[in-house]
Amino acid sequence: MIEKYGFETITTTDHRAWLWVVSILSLLYSGLVLGARVTGKWELLHYDDAVLGVAYVFAFAHYGILFKAILCGLGASTLVIPQALMTNAAEYYFISRVLAFCSLCFSKTSIIMFTRRIFTGDLNKENVFFATAYAITALYGVCGVLLSSAGCRPEQSLVTDANAVCDANIARWIVITVLDVLTEISLVALPLWFISKNNLKASKKGVVVFVYSFRLIVATLSVASSATYFEYLKRSQATSIDAAPTIAWQEVLLGFSLISASIPCLRSFLWAFKSTGLMTIYGNYGTGSHGDTTRMPSDRLQDRPSSPSQNRDDQQPSRSLASRLRPERLEYRIDIRAEHRPSKKELRPCVDAESPSVKSEGSEHMIIRHTREINIKHS
């Protein structure tokens with residue numbers, strides 16, 4: 001039974017064990033990271049998490065279809081797998097590739113939405129930059145699905161002829177790869193550009209650079225996946241077993257893309273935007289008077305030029321209100337009240353106990369009370 005489904009030692013005619021290991025590990029690691037993200041952001045989930053959830057739905061469908069393809073003989077030679085099963089494996093593999101492009105597109109979109117929640121407003125043309133990023137990502141998703149499936153022959157997806165599965169197949173994959181790399185570069189360039197306009201410390205900027213730089217690995221994996229696929233198409237008389245390296249790279253690409261989509265949600269990254277306690281875009285976790293942890297309304301990052309006074313505020317975390325980030329809602333109220341005060345003769349016995357403001361000229365007749373309230377709320 002184990003040998004029938006490919007769970008056996010690698011042989012010259014069957015490499016399915018490699019595909020089982022890579023695909024299962026890709027599923028497990030990405031699923032564990034998703035669990036960590038949901039656990040860490042429980043009750044603080046937002047639209048970017050929902051979009052990433054859609055990416056995982058497509059990813060799980062991809063893994064299920066791919067497992068079915070492996071069971072049918074994907075990664076094995078026609079010497080040990082009947083041709084009818086190999087045709088089914090080719091069709092299942094074709095469907096899994098389309099689902100993978102859908103998952104990759106939604107994972108990229110979730111990162112853009114997450115980044116947009118950090119860099120709000122339009123002080124540095126944020127609307128234009130993010131709209132461009134959304135457009136490029138949507139174009140990648142549409143082209144990835146259409147160019148890999150429209151007018152193609154699924155049963156020929158494992159044939160090594162360059163134009164067997166799709167007309168102008170290599171040109172299609174070049175376009176997909178270029179768009180994939182462009183989207184990843186835009187995902188890295190957006191936060192780097194905006195933090196360069198902000199007055200964060202160099203160490204905090206380094207955290208942002210480090211976290212988002214993982215998307216460059218995704219771009220590298222995309223190029224590697226396409227390169228191995230082109231090498232496979234150039235081989236004459238190649239079989240399904242020769243496609244194993246290409247399939248393995250595709251699984252690594254999908255798994256790492258899903259994982260890196262959640263890396264910016266790690267607590268060490270969110271600490272880069274703290275003021276006091278744990279300041280994140282989701283909430284401010286500070287320590288109360290008795291050491292208990294309390295959650296206060298969240299603030300978002302505002303791009304603003306640096307100044308000496310702002311740098312001093314950044315070095316004094318005790319000024320929580322002064323160093324907080326931009327509030328979503330601000331309420332300001334001033335109450336002025338006039339109260340009748342006793343005459344000088346009535347006031348004389350206790351004038352020495354009054355404060356200097358009461359002793360000043362005319363102030364014994366009226367005291368102005370100035371009450372200011374600022375409420376910061378997070379929607």
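Please treat every number below as a calculation from the coordinates, not as lab data. Quick caveat, the model's predicted, so the values are computed rather than measured. Counting neighbours? That spans all protein chains shown, and the Cβs are built from the backbone with ideal geometry, glycine included.
Quick look at the values:
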quantity	calculated
Rounded FRET efficiency, nearest 0.05, which uses the C-beta distance separating residue 21 from residue 159 and R0 of 35 Å	0.85
Whole-Hz ³J(HN,Hα) from phi, Karplus 6.51 cos²θ - 1.76 cosθ + 1.60, for region 128-135, glycine and proline x	5, 5, 6, 5, 5, 5, 4, 5
Förster radius 35 Å - calculated FRET efficiency between residue 80 and residue 132 (Cβ-Cβ, nearest 0.05)	0.10
Estimated vicinal HN-Hα couplings, Hz - region 223-232 in sequence order (Karplus 6.51, -1.76, 1.60; Gly, Pro = x)	5, 5, 5, 5, 5, 5, 5, 5, 5, 5
Filtered chymotrypsin sites (Phe, Trp or Tyr not before Pro), region 115-193: DSSP coil and at most 10 other beta carbons within 10 Å	none
R0 of 25 Å, Cβ-Cβ distance residue 28-residue 146: FRET efficiency to nearest 0.05	0.20
Contour excess over end-to-end distance, with Cα ends at residue 167 and residue 224 and 0.36 nm allotted per residue	18.3 nm
Gain in span if fully extended, residue 54 to residue 41, counting 0.36 nm per residue against the direct Cα distance	3.0 nm
